[in-house]
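Here's the structure we're looking at; comments come further down.
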């Protein structure tokens, strides 16, 4: 099966790949990729909150409410909303049951991520100096009867040597956390596809009907 991620970024400076077997079919798993709330994973939530803490502190200082602290709404994030107006992400493929792929351009080592907005058509060819381009791709393959092998791959390509040096230092620290975040996303998607019926969602099991017998 040809994947769009290989067409958009056949060469890359860094990547991380995680897999999980989901006890659901291709289309049900694909819906879970789009609809699962990735912030319902506690570890994912904590890591994102820690990375963004300086920005949130500055935001609170700038937006002090006259009536004192106000209750905050718990954050949510779903892949179907990845290309929202303020995100910078662009959808590069949305093929139900096959592949969902989004891309982002930025200077991720900066506190504000240095996001550069590009169109889906311009993503692959973008080569502005001092930037990195990253992909988040989900590929789905049949796995036995009624199950899906779900793969989450992140790829990053820098546009020049200066960006590559800065990204390398950033990636040295962040890579283990990115691995955990990818795994956390897959766990959330697996739970969603299986409607919370898997007792240990970080492990893959036989099809549900067999496990229940």
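Tell me, please, whether a residue that is at pLDDT 95 or above and in a loop (DSSP other than H, G, I, E, B) can be found in region 197-209.
Within region 197-209 (the criterion being at pLDDT 95 or above and in a loop (DSSP other than H, G, I, E, B)), the answer is no, since none of the residues qualifies.
How about region 147-159: which of its residues are farther than 19 Å from residue 1 by Cβ and in contact (Cβ under 8 Å) with a residue 60 or more places away in the chain? Within region 147-159, 154, 156, 157, 158 meet the criteria.
Taking the criterion of being within 16 Å of residue 170 (Cβ to Cβ) and surrounded by 15 or more Cβ atoms within 10 Å (Cβ to Cβ), the residues of region 87-131 that qualify are 104, 105, 106, 107, 108, 109, 113, 114, 115, 131.
The values are calculated or read from the model by the stated rules, or taken from the named source; none is laboratory data. If you're wondering where the values come from, they're calculated on a predicted model, not measured in any experiment. Cβ coordinates were reconstructed from backbone atoms using ideal geometry, including for glycine residues, and neighbour counts include every protein chain displayed.
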